[in-house]
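Working notes, beginning with the structure itself.
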Amino acid sequence: MRNQSMKNNAIKNIFTAVMAIVVLAVFSNSAMAEDWSKLSEKKRTTLGLYMTSTEAYDYMMKNMDKALFLDVRTPAELNYLGVVTVMDANVPTDTMDGSAWDDKKNRYVRKHNDNFVADVDARLKAKGLTKSDTVFLMCRSGSRSAKAVDVLAKNGYTKVYNVVDGYEGDKAKEGEHKGQRVVNGWKNSGLPWTYSMDKEKMYFTK
């Protein structure tokens with residue numbers, strides 16, 4: 001009888017431990033879901049669909065043929081900083097205008113890509129997808145891509161995710177690396193990228 005009682009107690013303890021893990025997992029998932037409410041305003045979109053670079057990578061690895069992954073940075077950024085391995089194409093929201101200077105931001109002026117939506121439409125069609133399929137947009141840190149999501153939403157796209165930490169990530173607010181993009185992002189997360197670019201995926205100014 002004593003052995004049976006000990007066995008029952010052991011089973012109860014195991015059950016309790018398993019339930020605790022389940023509750024913790026549910027709580028963690030809920031907490032993660034609520035984290036988007038704390039997302040910076042400049043990274044928010046009208047569709048309200050977000051993923052981190054790690055989540056987007058994991059999704060693409062499992063659904064490569066069912067989703068479109070676009071990098072909306074300038075071609076110059078890709079040329080010197082590298083590209084992600086799961087990228088379908090570079091469709092920039094802006095390009096750099098080497099003939100003009102932005103005194104306020106101390107950089108070359110960014111020239112808006114008026115063909116952005118048409119360029120995305122073409123890449124979507126080439127992959128055999130529709131505007132209701134999953135699309136990921138990534139920029140340097142999640143701000144330009146957020147604006148691009150809103151543009152696509154206005155043009156009939158319904159499932160466009162903003163990769164909120166982008167390629168380089170957010171800037172550290174304190175410490176020895178203050179002001180540097182070392183917090184998160186594709187590269188800082190150790191996800192695969194390369195300097196070797198595929199011509200077919202690159203963007204050429206029309």
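None of the figures in this text is laboratory data; all of them are computed from the coordinates on show. For clarity, every value in this text was computed on a predicted model and none was experimentally measured. Please note: Cβ atoms are built from the backbone with ideal geometry, for glycine as well, and neighbour counts cover all protein chains shown.
Brief remarks follow.
- Counting other Cβ atoms within 10 Å as a rough exposure proxy, the listed residues D65, D97 run D65, D97 from fewest neighbours to most.
- Pairs from K111/K206; K131/K154; K104/K173 whose Cα-Cα separation, in the structure shown, is over 19 Å: K104/K173
- Length gained on full extension, D97 to S196, computed as 0.36 nm times the residue gap minus the Cα-Cα distance: 33.2 nm.
- Each peptide in 134-146, 166-178, 103-115 gets a packing score, the mean of other Cβ atoms within 10 Å over its residues, and the list from highest to lowest is 134-146, 166-178, 103-115.
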